[in-house]
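Student: What follows is a structure written as structure tokens; I'll ask about it next.
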Amino acid sequence: MALTGRGLLKEALRALEAEAAGGPRAALPPELLRLSDLLRRREEQLHPREEPERELLFAMPDAAGVVARDGTIRAANARLEALSPTGRAVGMTPLQVTRAADLAEAVKRALEGHAKRVELELPAPRRVYVALAQPLLRGEVLLILEDVSEARRAEQARRDFVANASHELRTPVAAIHGAAETLLLGALQDPAAARTFVEMIARQADRLGRLTRDLLDLSRIESGQWAMQPADVEVEQALRAAGDLLAPQAREKGVELRRAPAPGMTVRADPRALEQVLVNLLDNAVKYTPRGGAVTLSAAREEERVVLSVSDTGPGIERHHLERLFERFYRADAGRSRDQGGTGVGLAIVKHLVQAQRGEVGVESGAGGSRFWVRLPAA
């Protein structure tokens with residue numbers, strides 16, 4: 001008697017169970033094989049498997065995608081989709097995703113079989129990418145966008161550093177050369193004039209020495225050659241030591257140096273680095289505080305941190321300068337800073353030394369003076 005549909009199913013299940021238990025291979029009727037194929041296709045449509053190329057795209061560290069022959073992106077990883085204004089790149093053209101005509105042209109050439117590399121800058125947020133459009137065998141294009149923003153910024157910083165350092169060094173060197181030349185041309189015969197030019201040489205040589213030391217210190221800090229040796233440092237003792245070093249300069253300038261008591265406060269810091277931070281801040285404060293003014297050293301506890309402050313009664317700093325004060329060679333008043341003997345590197349050294357000790361640095365300023373503060377972990 002012919003088996004019904006239910007009977008065929010039961011017979012097939014028994015045969016498959018016997019095969020799974022180690023028996024002979026089950027002979028299934030064509031109807032069940034067809035049903036199995038249809039179920040497999042249905043599952044693939046409902047839950048499509050990730051294509052190997054898509055898995056490779058998502059494993060790439062850069063924004064990447066595959067551009068189909070019609071010029072639209074067929075597959076993309078999350079980094080490429082993040083560049084799209086809609087948050088999705090698949091189905092869009094590279095031009096729609098990036099708004100970069102140079103990239104669209106490079107992809108067009110790659111679809112014609114020519115690999116192209118192009119650098120482009122994307123706004124909001126401003127990032128720089130090197131894009132590679134590489135033809136694939138089946139007529140599509142592999143598109144990779146490498147984010148080189150940090151590398152370009154580092155290159156620009158190096159160029160700016162060399163240019164600024166050269167400019168700062170040129171001024172004292174030119175002054176020394178001019179004074180020496182004047183002496184050799186006959187000023188040596190005039191004692192008063194000779195003394196003036198020798199004093200000029202001494203001042204510029206001293207400035208040159210300070211600038212060289214600051215540049216070497218900054219280089220050591222940034223390269224990690226300044227090895228921090230944290231210790232428990234008594235705040236009151238650190239403030240007293242820094243104040244004692246700057247006391248002669250303050251007296252000569254006619255500036256009162258004050259120290260607020262900080263009993264029992266202790267920070268976790270490198271003693272030598274902390275001293276340089278305080279000395280640099282005090283040196284700046286004394287330089288820019290007019291005669292008759294005052295500079296105050298103080299400290300305050302903030303939960304697990306200690307805030308050290310150097311406040312002055314100087315003219316203050318305009319607000320638009322504050323964000324850039326800790327950059328190398330940045331000067332709020334370039335001419336006045338050089339006249340005071342500043343190198344333009346002192347605050348950059350402060351910033352790097354504080355950050356190397358897991359601290360923060362900042363400045364507040366107004367018409368009544370400025371306050372530079374350093375926040376360090378409490379011991």
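Only the coordinates and a few stated rules stand behind these numbers; no lab work does. These figures come from a predicted structure and were not determined experimentally. Note that each Cβ is placed from the backbone with ideal geometry, even for glycine, and that neighbours are counted across all protein chains shown.
Student: What number do you get for the stretch 115-187 when its Cα radius of gyration is normalised by 2.2 N^0.38 Å, N = residues?
Tutor: 2.17
Student: While we're on this one: When the convex hull of the C-alpha atoms of the stretch 80-239 is computed, what volume per residue in Å³ does it have?
Tutor: Convex hull volume per residue, Cα atoms: 267 Å³.
Student: Using a 10 Å Cβ count of at most 14 others and DSSP loop calls, identify the longest part of the chain lacking such GluC sites (Glu not before Pro). The partial results should precede the final answer.
Tutor: Numbers: sites that count: E50, E112, E303, E304, E318, E323.
Result for the longest clean stretch: 113-302.
Student: With the radius of gyration and the Kirkwood radius both derived from the Cα set of the stretch 225-377, what is their ratio Rg to Rh? Before the final figure, lay out the partial values.
Tutor: Details: Rg = 14.6 Å, Rh = 15.5 Å.
Taking Rg over the Kirkwood Rh, I get 0.94.
Student: Quantify how much of the Cα-Cα distance distribution of the stretch 5-46 extends past 17 Å, in percent. Mind showing how you got there, number by number?
Tutor: Numbers: 346 of 861 pairs.
In whole percent, the long-distance tail amounts to 40.
Student: About its Cα centre, what dipole magnitude does the chain give when the only charges are +1 on Lys and Arg Cβ and -1 on Asp and Glu Cβ, stated in debye to the nearest 20?
Tutor: Values: 54 positive and 53 negative charges, 76 e Å.
The calculation lands at about 360 debye.
Student: Going by alpha carbons, how many degrees (0 to 90, nearest 10) lie between the helix axis of 149-184 and the longest principal axis of the chain?
Tutor: For helix 149-184, the angle is close to 20 degrees.
Student: So, one more: Show the residues, 5+ positions off or on another chain, whose built amide H is closer than 5 Å to the amide H of T266.
Tutor: Amide H neighbours of T266: V235, A379.
Student: L239: net charge of surrounding residues, Cβ under 13 Å, Lys/Arg +1, Asp/Glu -1, itself excluded? Mind showing how you got there, number by number?
Tutor: Details: positive: R240, R258, R259; negative: E234, E236, D244, E275.
So the environment of L239 carries a net charge of -1.
Student: Send over the Kirkwood Rh of the stretch 52-147, from the inverse of the averaged 1/r over different Cα pairs, rounded to one decimal Å.
Tutor: Values: mean 1/r = 0.0781 Å⁻¹.
Answer for the stretch 52-147: a Kirkwood hydrodynamic radius of 12.8 Å.
Student: Quick one: grab Rg to one decimal and Dmax as a whole number for the chain, Cα atoms only, in Å.
Tutor: 35.5, 137
Student: Also, quick follow-up: Long-range amide H contacts for V148: which residues qualify at under 5 Å (H placed 1.01 Å from N, peptide plane, sequence gap of 5 or more or a different chain)?
Tutor: Those qualifying (amide H under 5 Å, at least 5 residues apart or on another chain) are V128, Y129, V130.
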